[in-house]
Each structure stands twice: as C-alpha cells, then as structure tokens.
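Here's the structure, in structure tokens; my notes come after.
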C-alpha cells in the first residue's frame, strides 16, 4: 500500500537510540516510507519509551555518584572528628596531671571547661549550678530538707561509701550529689518525667530508677537502728549501763506529760498498711498473692514499727503480708523473740512497749484495759497509755506526709519495696535528728498542704489527670487494730499475759495515787472497747 507521507527531515544521531545503532539513518527513512500507519505508531512509541528509559538510567547513574561522594565526605568528617576528640581527651588528661588536680577537670557553674583557649562542654551539669538555681523555699519543697541538711546527708553518705563510689564531680559519670537529689525527688513523690531532660542531664527512665535504687542502697548502708542493739546489750550478765541509761532516757521522755507517773515506756508500736502492686510468682516468688490482699481491699505490706517520743523510728519490720493481723506480724519478728528472751530483765527494770488492743498483753508490751468505764482508774490508765501510744500514729502521719512515694501504689517488687520503706524511715530519723531543739521541720510539715502537693504531683500526667488507678493518691491507712479473736493459748503465753496484767494493775495504781486522771472534755464518748473519742 502506497503512503503519501512526506519524507522525514529529522535524522537522529547514531548514538542516541538503540534503533539508530542498528540501522543507518537513510535506510531507516526508506523503511518508514514503506510501513503502514499501525507500524509507524508502534515504532514511534518504542522510540519514546527507549528515550525515557535512557533518561532514567542517566539520572540513576548521577544519583549513585552523589551517594558515593556523600559517603566519602561523611567518612572523612567522622574520621577527622574522632581524631580531634581523642586529641582533646589527651589534652584534658595532660592538663589535669600538670595542675595536680585530684578531682580531674574543674567544672564551672555553667557546666563547661576552658582548656587551651577552647570551650569544651561537660556531659553533665554541675550540682552547684542545679542547687544555686533553686530557691531555698522551693528546694525545701522538692527534697523535704534544706540545703544545709542536704549537704549533711551527702557528707554522711560519702563518709560511709567513700569518694570513689560517691563521685564528687561530674567527670566521667553523674556525681553523687545529683544522684541523691534524684533519689530524694522520687522518694518525695516526684515523677520520673520531671527528672528527664536538661534539669539533670538524664534522658532515659531506666537511668532515673537506676540512680534511685543506688540512692536507696546508699541510705541503707549509711544509717542503722541502734535501739535493738541496746536491747541486745541488756542480755549480758550484769547488763550494760550505757544501754540502760539510753532506755531510761527514752522512758523519761514518754513520762513527761504524766509528771513521771507513767514511767517505763521505751517505745510505741503499731502497724501500717503500705499499698503495693499485686505480687507475682515470677518477680516476687509469691505463689498465693491473696495473702497480701488486706481487709481494706488492696494489696499491701503490713509494716510494724516502734517510735520514741520525738517520733524517731527505733525499729521497723516491713516484710509482712497485708492480710496478717498486727499480732501475727509482730509474733513473726526477731524483736519479739528477743523481748521474750529478755522477759525477766525487762520486768525487773520496769521497761515495756505500749500498743493498741490488737497486741497481746505481757510485761514487755502494755495494752489498754478492755471496756473501761468512764471515770475509773482503768480509764485513767487507758488515757495515759494512749498519750504515749499516740506518738506512733503521729510518726506514721509525718512519715507519709513527707514521702509522697507512699501516697500511691509502690510499683516495685517486694524486696525493693521493703528496702525503700527502710531507707525512707532512716531519712525520716535523719531529719528528726536535724531538728532537735528547733521547730523548723515540724512547722514545715504543719504548713505542708496535702491537697496542694497532690495537685502538683498529679500535674505530671496530661491535663493534670491520672490515667491509671494505681496513680491515684490515697489516704493513710493503719490496719488490723481490732483485737484478734481468742484461740488456743499455750502455758507460756498465759503466764506472760498474767504477768502483763499484774504490771498494768501496778501502773494503774501508781497513776491513781499521783492523781493522774483522764482530763474531761465536752462531747466526749466511749466506744465498746472503752476508748474515748469526740463527736
């Protein structure tokens, strides 16, 4: 078929397409004149596709060359930077050796160093800069202690664990002062979200809690409870006069309000329920978590504690199951066994603990008269015993108000939770010792608003709301304070109870002889246990 197409004036270069390499240009023009419309359209489409493919290949080739060049530039950059960092580190070490600086590089208040005219930034901000940037009043609210008390606490820890473990300066790791600040802030109720970032130069939650547990270990190593060692020293042949003097001093402080009539109390005992998460077999080795579910309808540790008149915690045992009655938890402690062993010595010295009706009476543990009638000498005894026993309730209130971590559920395993409770009680004692002769700490706690602090702590979550039930703040709970139902008692238990009742009668007679009666007040009533209360 003849085609009336004009001859083509366009002659593509030989190297431009695949088809031009195969056929010369003149032959290609002749072939086009002999083809029909369909063949011509197909040939044109193939030519366009081939040209597009070549253009894409050329662009890909260009991109690959750019990637190779960029990789080479990056490799040269990081290689030169690594040499520069190694050279800078060598200069710092040489400078520290030349200046005989035992602490290494001295980090200024801005957290940077100037060596050889350069400005080399430290990895961590110095504690001095963090401390000075916080006002005294805000510092007290954040860490529950003044700056002077904070420095004293750090000095005691340094003296115990050594400067190598504590780290005075931020050289290769975070210094001990900042770790103590992080640990205190978590213990006082702060969220790890408040501590991550530029404030302490810590970026990971795991690092926050690693420093927190390090701080807890430091506290438990640094402080101890000397009260139990005083009792152990009584178990010698002639007794220890120094231990007796200290115990008599504790007894004298309890007897101040009664004019010395209620004499012999060396501590007030009670239990408190600390809320914990449900224990598991994998993490805690607990086969029956129900044993930790207390009668207040939450999982808890039954914490037994003894305090003195100044609200100092003399002894604590936080390892008991939440469902345990106070008397059962008390009977499981080593201190109970020691007091049973010292039964005769304490009876001779007239020394005893005071507790509520949940505990069994004995010569070393006095409890109120059951169902005492108003105006009787038994009622007067109950009043003065309660006057001493109330100190442990005040101690628990101050302890919980100070450490906001216990306002919520402890989300640690059982072993760590017990360590945290012990460490918190030791810091509590440290602050009690610091306020001796002053009202500074007492006035601070009285002015500390629970609602205000709770609202501040809740603001760590989005929109100031808590997204989990475990993050809700809860009130203080003292558990299992009702008398335990009677059961089968052995002969030794009956003898201890009879001896305790005789001592209670003697104390009651002494109070009556000295004219110590219960002060009367308006709207005063009594419950079925004989305990007085106000409407």
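Distance between the C-alpha centers of the stretch 368-416 and the stretch 152-231? Whole Å please.
After rounding, the separation between the Cα centres reads 30 Å.
For the stretch 127-222, what does the relative contact order come out to in percent, with C-alpha contacts under 8 Å and a separation of six or more? Display every interim value, and only then the final one.
Working: 77 pairs, mean separation 26.9, N = 96.
About 28 percent, as a whole number.
Restricting things to Cα coordinates, could you compute the convex hull volume per residue of the stretch 155-310 in Å³? Provide the component values of the computation, followed by the final result.
On the way: hull volume 34.1 nm³, N = 156.
Cα-based convex hull of the stretch 155-310, divided per residue, equals 218 Å³.
Over all directions, the average projected area of the alpha-carbon convex hull for the stretch 127-222 comes to how many nm²? Write down the numbers at each step before the final one.
Values: hull surface 22.6 nm².
Quarter of the Cα hull surface area: 5.7 nm².
Let me have the relative contact order for the stretch 192-298, percent, based on Cα pairs under 8 Å that are six or more residues apart.
Working: 56 pairs, mean separation 11.1, N = 107.
Once divided by the residue count of the stretch 192-298, the mean separation gives 10 percent.
Sort 241, 145, 228 so the one with the fewest other Cβ atoms within 10 Å of its own Cβ comes first. Before the final figure, lay out each step's value.
On the way: 241 9, 145 22, 228 15.
So the ranking, lowest neighbour count to highest, is 241, 228, 145.
What distance in nm lies between label points placed 7 Å from Cα along the C-beta direction at residue 72 and residue 502?
That separation, rounded to one decimal, is 10.3 nm.
Estimate the FRET efficiency between residue 513 and residue 257 by the formula 1/(1 + (r/R0)^6), using the beta-carbon distance for r and 25 Å for R0, to the nearest 0.05. Mind showing how you got there, number by number?
Numbers: r = 17 Å, r/R0 = 0.69.
That gives a FRET efficiency of 0.90.
Can you pull the one-decimal nm distance between simple spin-label points at residue 248 and residue 137, each 7 Å off the Cα toward Cβ?
4.8
Relative contact order for the stretch 318-436: what is it in percent, counting Cα pairs under 8 Å that are at least 6 residues apart? Please list the in-between numbers first.
Numbers: 70 pairs, mean separation 20.7, N = 119.
Once normalised by length, the contact order is 17 percent.
Report Rg(Cα)/(2.2 N^0.38 Å) for the stretch 294-342, keeping two decimals. Walk me through the numbers on the way to the answer.
Details: Rg = 12.1 Å, N = 49, 2.2 N^0.38 = 9.7 Å.
Cα-based Rg divided by the globular estimate yields 1.26.
Roughly what % of Cα-Cα distances in the stretch 254-379 sit above 24 Å, to the whole percent?
Working: 3040 of 7875 pairs.
Result for the distance tail: 39 percent.
Measure off 7 Å from each Cα along the Cα-to-Cβ vector at residue 43 and residue 193, then give the distance between these two points in nanometres to one decimal.
Each label point is offset 7 Å from its Cα along the Cβ direction, giving 7.3 nm.
Expressed in nm to one decimal, what extension gain is obtained for the pair residue 333 and residue 228 from 0.36 nm per residue of sequence separation less their Cα-Cα distance?
On the way: separation 105, 0.36 × 105 = 37.80 nm, distance 1.20 nm.
In short, 36.6 nm is gained.
FYI, it's all coordinate maths here, none of it is from the lab. Keep in mind that this is a model prediction, so the values were computed, not measured. When we count neighbours, we look across all protein chains shown, and the Cβ atoms used for this are built from the backbone with ideal geometry, even at glycine.
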